[in-house]
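Below is one structure, written out as structure tokens, with a few remarks after it.
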Amino acid sequence: MKAVVKYGKGKGMIEMRDIPEPIPKDDEVLIEVKAVSVCGSDLHIYHDSHPYWPPVVLGHEFSGVIAGVGKDVEGWKVGDRVVSETRTGSCGVCYTCQSGFPQVCEHKRAFGIGINGAYAKYVTGPARLLHHLPDSISFEVAAMLEPIAVCVTSIIERCHIKAGDSVVITGPGPIGLISLAIARAAGVKFVAITGTSADKKIRFKIAEALGADMVINAQEEDVIKTVLDATEGRGVDMVIETSGSDVAISQAFEMVRRVGRICAIGISGKTTVSIPYDRGIFKGISFDFCFSSSWTAWERSIGLLSKGILKAEKLITHTLPLEKWEEAFYLLERLEAAKVILIP
Ligand SMILES: [Zn+2]
Ligand SMILES: [Zn+2]
């Protein structure tokens, strides 16, 4: 089968190759991939700025149909529509796993990073990571369930967003836009999103379609002043940081109200980021580092999508055949897309 493979360590080193179809182990299923979504971390792997274990087939955001089951698998059958969590390799027995957070287990080797992913016709994975996909959710939208579940884990489960909150989201990339949709679904009274002039063409428009009260171009406006003016000088209840930019991270400390919360989801790509530490202490800010997704967040996300509460389809700007993966990367690099879905 054709698969998009990161074949070595270094920049680039990705190509479409012919590889054997995978065979599921006893506790695994074979999934026919129906749609796979291109993630920012796939681009980081392309640029060698994210961990990965080559050679590896890329792709961790996907949906599909079960095409085969290992002999020990119960409760799943050929033809079932499914999505899968990405925490392959999580051990289930360490302190982190046992305390309810297998998604941050140090032994985890996610799809498309540590084990072969879904930029291919077929992928195999453990049955224990599957979730049923209702008919009411298209395969294309379902391919975004992983980043949606990450945002639900971060914003709802960890940072406890509430109806009536005011929120600023820094960065209108896919995670920022999904966060916006979730904030709206949670019933916030005010949500603004920040970005740059490069976001005007596509991402700010999607932000408006998703119900942003305000889009703030950080290159044209004083972000902090705009947010304070919009909140009677107080600052917002929660800043959701998705950009990973050190400027935005510092600004978050000024945009958030006293005893407010910063929900950090964006990866900076740097070893160290300087923050206004004492300012954070004197304001009594909670700063939550968020990573990956919980089982419950997947179930919650599937519910939100199947009931039409989360309008994630607005994020899809392009659907391309898998062969055009390079074009997908190019569109995302140039900020000419929000979510690109590949069809194997
Ligand atoms: Zn991802
Ligand atoms: Zn573990």
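The values are calculated or read from the model by the stated rules, or taken from the named source; none is laboratory data. Note that the structure is a prediction, hence the values are computed from the model and not measured. Backbone-built Cβ (ideal geometry, glycine too); neighbour counts: all protein chains shown. For accessibility, only protein heavy atoms count, side chains too; no ligands or nucleic acids. Shrake-Rupley method; radii C 1.70, N 1.55, O 1.52, S 1.80 Å.
Measure off, as a whole percent, the carbon and sulfur share of the 1.4 Å-probe accessible area of the stretch 185-330, all protein chains present. Display every interim value, and only then the final one.
Working: 3910 of 7310 Å².
Accessible surface attributable to carbon and sulfur in the stretch 185-330 totals 54 percent.
Separation between the His44 and Ser306 pseudo-spin-labels, each 7 Å from Cα along Cα→Cβ, expressed in nm?
3.1
For a label point 7 Å from the Cα of Glu220 along Cα→C-beta, name the residues of the stretch 169-202 whose backbone N is under 18 Å from it.
Residues passing the 18 Å test: 171-173, 192-202.
Mind checking the full-extension length gain between Lys11 and Asp26? Use 0.36 nm per residue of separation minus the Cα-Cα distance, one decimal, nm. Please list the in-between numbers first.
Values: separation 15, 0.36 × 15 = 5.40 nm, distance 3.57 nm.
Stretched fully, the Lys11-Asp26 segment lengthens by 1.8 nm.
Helix by helix, which DSSP H runs in the chain go 30 Å or more along their axis at the Cα atoms and have an average Kyte-Doolittle hydropathy of 0.5 or more? Please list the in-between numbers first.
Details: long enough: none.
The qualifying helices: there are none.
Hey, which aspartates and glutamates would be in cross-link range of Lys189, C-alpha to C-alpha under 17 Å, not counting anything within fewer than 8 residues on its own chain?
Straight-distance partners of Lys189: Asp165, Glu208, Asp213, Asp229, Glu232, Asp237.
Given the Cα-Cα distance of Lys201 and Val247 and 0.36 nm per residue of separation, how much length would full extension add, in nm? All intermediate terms of the calculation are to be shown ahead of the outcome.
Details: separation 46, 0.36 × 46 = 16.56 nm, distance 2.25 nm.
Going from the current span to full extension adds 14.3 nm.
For the modelled label position 7 Å from the Cα of Arg234 along Cα-to-Cβ, which residues of the stretch 243-273 have backbone nitrogen atoms closer than 14 Å?
From the stretch 243-273, the list is 256-261.
Can you give the FRET efficiency for Arg128 and Phe282, using 1/(1 + (r/R0)^6), R0 = 45 Å, r = Cβ-Cβ distance, to the nearest 0.05? Walk me through the numbers before you get to the answer.
Values: r = 46 Å, r/R0 = 1.02.
The calculated FRET efficiency here is 0.45.
Any number yet on Rg/Rh for the stretch 158-199, C-alpha, Kirkwood?
Values: Rg = 10.4 Å, Rh = 10.5 Å.
Taking Rg over the Kirkwood Rh, I get 0.99.
When each pair of different Cα atoms in the stretch 1-120 is counted once in the 1/r mean, what is the Kirkwood radius in angstroms, to one decimal? Provide the component values of the computation, followed by the final result.
Working: mean 1/r = 0.0661 Å⁻¹.
In the stretch 1-120 this quantity evaluates to 15.1 Å.
Over 26 Å between C-alpha atoms is what I'm after, so list which of Lys9/Lys71; Lys25/Lys121; Lys205/Lys307; Lys9/Lys270; Lys270/Lys311 land there. Write down the numbers at each step before the final one.
Details: Lys9/Lys71 35 Å; Lys25/Lys121 18 Å; Lys205/Lys307 24 Å; Lys9/Lys270 19 Å; Lys270/Lys311 33 Å.
In this structure, Lys9/Lys71; Lys270/Lys311 exceed 26 Å between Cα atoms.
Using only Cα atoms, figure out Rg for the stretch 160-289 and give it as a multiple of 2.2 N^0.38 Å. Intermediate results must be reported in sequence, preceding the final value.
Numbers: Rg = 13.3 Å, N = 130, 2.2 N^0.38 = 14.0 Å.
The value comes to 0.95.
Rolling a 1.4 Å sphere over the protein heavy atoms, what is the accessible area per residue of the stretch 160-289, to the nearest Å²? Let's see the in-between values first.
On the way: 5810 Å² over 130 residues.
Accessible area per residue, the stretch 160-289: 45 Å².
Give the peptides 272-284, 63-75, 193-205 in descending order of average Cβ contacts within 10 Å, highest first. If you can, show how the numbers build up before the last one.
Values: 272-284: 11.7, 63-75: 16.8, 193-205: 19.8.
Those peptides, ordered most packed to least, come out 193-205, 63-75, 272-284.
Can you give the log10 of the normalised intensity I(q)/I(0) at q = 0.10, 0.17, 0.20, 0.21 Å⁻¹, computed with Debye over equal Cα scatterers of the stretch 249-344?
Treating every Cα as an identical point scatterer, log10 I(q)/I(0) equals -0.48, -1.02, -1.07, -1.07.
How are the Cα pair distances of the chain distributed, in percent, across 10 Å bins from 0?
Bin by bin from 0 Å, the calculated values are 6, 26, 34, 24, 9, 2, 0.
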